Amino acid sequence: MNGLNVAKVVFGAAIMFFLLAPLIAILPLSFTDSVFLNYPIPAYSTRWFNELVTADVWRRSIVNSLIIGSGTTALATVLGTLGALGLRNHASFWSLSFIRTAFLLPMVVPAVVLGVGMQLMFARYNLTNSYLGVIIAHTVLAVPFVVINVLSVLQAIDPRLEQAAASLGAHPVTVLARVTLPLALPGIISGAVFAFATSLDEVVLTLFVAGPNQRTLARQMFSSIRENISPAIAAAAFVFIVGTIFVALILILSRKSLARR
Amino acid sequence: MKDDRKRSWLVSLALVAPLVLFLVFFFAAPLYTMVSAAISDPIGARALPHTSAIIERWDGTSPPSPEMQTAFAEDLRAIDDDQLFGDLVRRLNSAKSGFRTLMPKTRNAVKADPAANDLVAIDERWSDPAFWQPVKTATASTITDRNLLAAVDLERSTAGDIQEMPEGSSANRATLIRTFVVSLSVTLACLLIGLPYAMIAASVDGWKRQLLLGAVLLPLWTSLLVRTAAWFILLQDNGLINSSLTALGLINSPLPLIFNRAGVIIAMTHVLLPFMVLPIFSVLIGIPKNLMPAAASLGAPPLRAFWNVLLPMSTRGIVSGSLLVFMSALGYYITPALIGGARDQMISSVIAYYATGAANWGMAGALGLVLLVATLILYTVYLRLSGEEQAKR
Amino acid sequence: MQDPFISFEKVSKSFGTFNVVDELYLSISRGEFVSMLGPSGSGKTTILMMLAGFEKPTSGKIFVGGRQVDALPPHKRNMGVVFQNYALFPHMSVAENVGFPLKMRRMPRAEADGRIKRALDMVQLGTMSERRPSQLSGGQQQRVALARALVFEPEVVLMDEPLGALDKKLREQMQLDIRELHRRLGLTIIFVTHDQGEALTMSDRIAVFNHGKIEQIGKPSEIYDHPTTRFVAEFVGETNLIMGTIKQSGDGRAIIQLPSGSTLEASAPNLNAGTQVSLSIRPERIRSGKAQAPANILSGTVRDVVYHGDHLQLLLDADGHQLLVRSDRAVKAPEAGQKMDFSFAPEDCWVVAQ
């Protein structure tokens, strides 16, 4: 029995190492002074973070990511929240599994396949090489997250709360604005966060749809790894990992505020 | 009463409509466009209307008749759109090389002299039926199975029968097999690591379980690009892995870990492992904890209890996880594109090459269709399984 | 009875082929406290939901104050509703919850604040106004819900099992509080419950529901003492049912023959001789020993004696029937197996429809 326990600990630790070590190993490299991504690090500096915000390609890609990420978040959150509100009333008719299947398809279809189709079709409507085109492409991938998140919160709302509001004299629109939406807010927020994160990390559709002017941070990292790898990648990765932890905190906090009710 | 229900339906419809229209226009329509690119072949009939009418009666082997040549020359004179001409040349050249030089030469000649209808006089190659066969097929129909066949290394003979492409002329079948093998290897690697890991996570509780699950979730939440970049840096010839092994004296020259299949499998296993661990874990924690002690009390030694009790009960999680990993691996692009070798490409890289590099939409669409169908079949199986699961509960 | 304030006219509600409410006629006067009592699925909550406007009748008409309301949306009905789980808005403070209906009516801020304060004082929660509902106990949440339903002075207050989630002591306290509010404010209250004790304590009238129909409607004492159907007799309070056949009847009395051959005298409407009936006798109406005539006297064997603190419960075998008797502690307790006589007056035993 003891031998089994030792084996469990060793194996579990080894796999945790496999899972986490690559993420941890990349962090110190972002502070290297050298132009090589190697250990041992000769000297520490923040020159690559400097590079990230001063070099034109990196700076523009960060700005582009923020523009496209905000656009995607706004579009996906509005479309997804409206859709979830509409689906909710007839959730039993549509049946949840059907909704899940239909709206998860964009996540299932390989991005390359969708990218080829989008490039072909967007070219016809002059959507390639435009911010709008990239935002639309990202929204297709992001909107399922919003629908799923908002729908699950909406279904947890006691319908009697809305009946109570109506009985107290609230018009249906007021019920929506003052009761339903405030209660659904945690789901809307986490949907929006997922949408932004999806856009931030999206590469494949961007490759197919975006032009040189819409190069996002992820797209820039992709070509930088492919063509000309430098510690700026590690610096960008550092920003991403810190951002991830930040976003995870927001989500956990918004869940907690929901649980407190 | 009825009006009321109708109104509530209308409101719901109005709320869902923007989302549905958005997905129809920007999700379904692109996929349709891709599929139609794979099977449509409108250029020949559009650019060569006269030829199309006359060449229909040609048997495909006898020397080209003067009428065919006259019709072809007339069609060429009528083409003003350089874009259309370029598409036509590309279309014909993809069936037989040589058109790229032959066509501009012929076009210039017939445009210069409105009476020059003897094409053989312009270029000897026009006497060869082999140059007229592509014209006949290109003008015969606006849809084609050429790309779909080519996606699995097949083609139609001049007689119209399906046959193997000549050895070495296309590598699509090899790519498909390679994609399958790599995906299968990644799935197996994930299963070998993920199953015991999920079992360990399910067997402990409290902070230990949180820690084990956190280690799976953190990479899942981290940017895919960051994870790929990390592996790129680690796997380099002078990366952390090789330099540590050298420093320990285990190796003398760096192991080739990047730009080959080993690197792809390692990195993809890391990326997809959560999709194996989480479904298995969720099935395992649903199994009552006292089953193993119960089996033991009934006289089953631990290994037999595992084999006869725990494993059969977790089959569903294992199958779900494997399907998820395999399905995702099939269409993976970023990791293989950055870490894989140039001669060891998976299907998604080939699709991307056809689309962005070669502008061969037909082939990109055809391979895309193969990948799409494979993915959707796997997804359907996956849904069936998880649907049955829910029905059972 | 004065002109009815609320009336249901042949109201039916069906879901698919299932009739939840079946051709209901019901009139309620202004200021009345009416309880709707029945097992779950008897249609009582659906009636409340139709009155509040959350459900639309399949057919029939509902009038409130002479106005037909069945086509009116809930927010235009001006009825206070207290829900089973209180349905307080979790994202608003207590004061905001109570102020919600006033805000909807665009009441000026200062006036609204005064009303909120008075409403909260009325339910003794004046100090809790800034708390969130989740920070209150169940009883306090219940009182906030009550204040919220009353603050806009609605014409009617509807309560759907409002005390169901409270423990016994708190429930009894709230029953008294609600009754007191009803008297003081002259409210018209419709109160849905499945708890017969609650209905008996609080109501002016009780409507007993079964399978979407009213079995009996009347004052609590009528319902308890003179149930007209077997369902009502069994559902409200404990009772003994004895089967028999009418031998002769008239003048509100009837002689009933039991299967054993002995006869009993009971209160009854005029019925044809030979009709199969049930007699309902409440356990506390049966006295041990032989009483002076006119009384029905039976003798039997004590099967079991159950101690209940303030009283004893005897289980008797008599004439092929099992009877429950509530016995005063003042009387010396009989023992199991003992033979004894017991009696009950004809006006305490009641013929009910089978």
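Just how large is the dipole of the range B:44-142 about the Cα centre, in debye to the nearest 20, putting +1 at every Lys and Arg Cβ and -1 at every Asp and Glu Cβ? Working shown, then result.
On the way: 12 positive and 14 negative charges, 67 e Å.
Magnitude of the dipole: close to 320 debye.
Projecting the Cα atoms of C:V94, C:A199, C:L176 onto the charge dipole of the range C:6-231 (Cβ charges, centred on the Cα centre) puts C:V94 farthest toward the positive pole. For the protein assembly as shown, the Cβ-based charge dipole about the Cα centre amounts to some 1720 debye (Lys, Arg positive; Asp, Glu negative; other atoms uncharged).
Projected label points at B:L220 and C:R253, each 7 Å from Cα along the beta carbon direction, are separated by 8.2 nanometres. Distant-in-sequence amide contacts of C:S12, defined by a placed amide H-H separation under 5 Å and a gap of 5 or more residues or a different chain, comprise C:E23, C:L24, C:T58, C:S59, C:G60.
Shown is the FRET efficiency for B:R57 and B:V381, computed with R0 = 51 Å from the Cβ-Cβ distance and rounded to the nearest 0.05: 0.55. Between C:Q84 and C:R329, the C-beta separation translates, for a Förster distance of 35 Å, into a calculated FRET efficiency of about 0.40.
Packing-wise, with mean Cβ within 10 Å as the measure, how do C:23-34, B:290-301, C:126-137 rank, highest first? Please list the in-between numbers first.
Numbers: C:23-34: 17.9, B:290-301: 12.2, C:126-137: 14.6.
The densest-packed peptide leads the list: C:23-34, C:126-137, B:290-301.
Axis angle, to the nearest 10 degrees, between helix B:311-330 and the longest C-alpha principal axis of chain B: 30 degrees.
Before rounding to the nearest 500, sum -39500 (n - 2.57) across all DSSP H runs of length at least 4 in the protein assembly as shown and divide by the residue total; then give [θ] at 222 nm in deg cm²/dmol. Intermediate results must be reported in sequence, preceding the final value.
Numbers: 42 runs with 565 residues, N = 1008.
Calculated mean residue ellipticity at 222 nm is -18000 deg cm²/dmol.
The mean of 1/r over all distinct Cα pairs in chain C, once inverted, gives the Kirkwood hydrodynamic radius of 22.9 Å. Between the helical axis of B:99-112 and the longest alpha-carbon principal axis of chain B there is an angle of about 30 degrees. Take each peptide in C:86-94, B:74-82, C:234-242, count the other Cβ atoms within 10 Å of every residue, and average; sorted highest first, the result is C:86-94, C:234-242, B:74-82. Starting from the Cα of B:I143, step 7 Å toward the Cβ, then list every residue of the range B:40-61 with an amide N under 13 Å from that point. What the label zone holds, given the 13 Å backbone N cut-off, is B:40-42.
Quick one: divide the alpha-carbon radius of gyration of the range C:39-172 by 2.2 N^0.38 Å and tell me what you get.
In units of the 2.2 N^0.38 Å rule of thumb, it is 1.11.
Residue-wise HN-Hα couplings along the range B:36-52, as the Karplus relation 6.51 cos²θ - 1.76 cosθ + 1.60 with θ = phi - 60° gives them from phi, are 5, 5, 5, 10, 8, 8, x, 4, x, 5, 6, 7, 10, x, 5, 4, 3 Hz; Gly and Pro carry x. Counting only other chain Cβ atoms within 10 Å of each residue's Cβ, the peptide A:196-204 averages 3. On a 0 to 90 degree scale, rounded to 10, what angle separates helix B:129-140 from the longest Cα axis of chain B? Compared with the principal axis, the helix lies near 70 degrees.
Across the range B:276-283, computed HN-Hα scalar couplings (Karplus, 6.51 cos²θ - 1.76 cosθ + 1.60, θ = phi - 60°) run 8, 5, 5, x, 5, 4, 5, 6 Hz from first to last residue, x flagging Gly and Pro. Alpha-carbon geometry of the range A:56-259: the Rg and the Dmax are 19.2, 65 Å, given in that order. In sequence order, the range B:249-266 has phi-based couplings of x, 7, 9, 9, 10, x, 6, x, 10, 10, 6, 8, 5, 4, x, 4, 5, 4 Hz under the Karplus curve 6.51 cos²θ - 1.76 cosθ + 1.60, θ = phi - 60°, and Gly or Pro positions carry x. Over the range C:117-253, the Kirkwood radius and the radius of gyration, each from Cα atoms, give a ratio Rg/Rh of 1.10.
Take each residue in B:347-358, count the other chain C-beta atoms within 10 Å of its C-beta, and the mean is 3. Peptide C:83-90 is shielded by partner chain Cβ atoms: per residue, an average of 6 of them sit within 10 Å of its Cβ. Seen from a random direction on average, the alpha-carbon convex hull of chain B projects onto 32.8 square nanometres.
Return the ratio Rg/(2.2 N^0.38 Å) for the protein assembly as shown, where Rg is computed over Cα atoms only. Intermediate values should be presented prior to the final figure.
Numbers: Rg = 40.8 Å, N = 1008, 2.2 N^0.38 = 30.5 Å.
After normalising by residue count via 2.2 N^0.38 Å, the value is 1.34.
Could you work out Rg/(2.2 N^0.38 Å) for the range C:238-352, with Rg from alpha carbons only? Mind dumping the intermediate values first?
Working: Rg = 14.2 Å, N = 115, 2.2 N^0.38 = 13.4 Å.
This ratio for the range C:238-352 stands at 1.06.
Contour minus end-to-end for B:I79 and B:F306, with contour as 0.36 nm per residue of separation and end-to-end as the Cα-Cα distance? Intermediate results must be reported in sequence, preceding the final value.
On the way: separation 227, 0.36 × 227 = 81.72 nm, distance 7.42 nm.
The B:I79-B:F306 span can extend by a further 74.3 nm.
For C:F191, the residues whose modelled amide H falls within less than 5 Å of its own, excluding neighbours fewer than 5 places apart on the same chain, are C:V34, C:S35, C:M36, C:M159. Across the range C:6-97, the volume of the C-alpha convex hull divided among the residues equals 133 Å³ per residue.
Within the range B:172-392, all pairs of alpha-carbon atoms sorted by distance into 5 Å bins from zero give the percentages 1, 7, 12, 14, 15, 15, 12, 9, 7, 4, 2, 1, 0, 0. In the structure displayed, which of C:K169/C:K332; C:K61/C:K168; B:K6/C:K10; A:K256/C:K56; C:K44/C:K76 lie more than 28 Å apart, Cα to Cα? Flagged as over cut-off: C:K169/C:K332; C:K61/C:K168; A:K256/C:K56. Taking amide hydrogens as placed 1.01 Å from N in the peptide plane, the amide H of B:S40 sits under 5 Å from those of B:T144, each at least 5 positions away in sequence or on another chain.
Highest mean packing comes first when the peptides C:305-312, C:155-162 are listed by Cβ atoms within 10 Å, giving C:155-162, C:305-312.
Every number here is computed from the coordinates shown, using simple stated rules; none is lab data. Owing to the predicted nature of the structure, the values given are computational and were not obtained by experimental measurement. Positions of Cβ are backbone-derived with ideal geometry, glycine not excepted, and every protein chain shown enters the neighbour counts.
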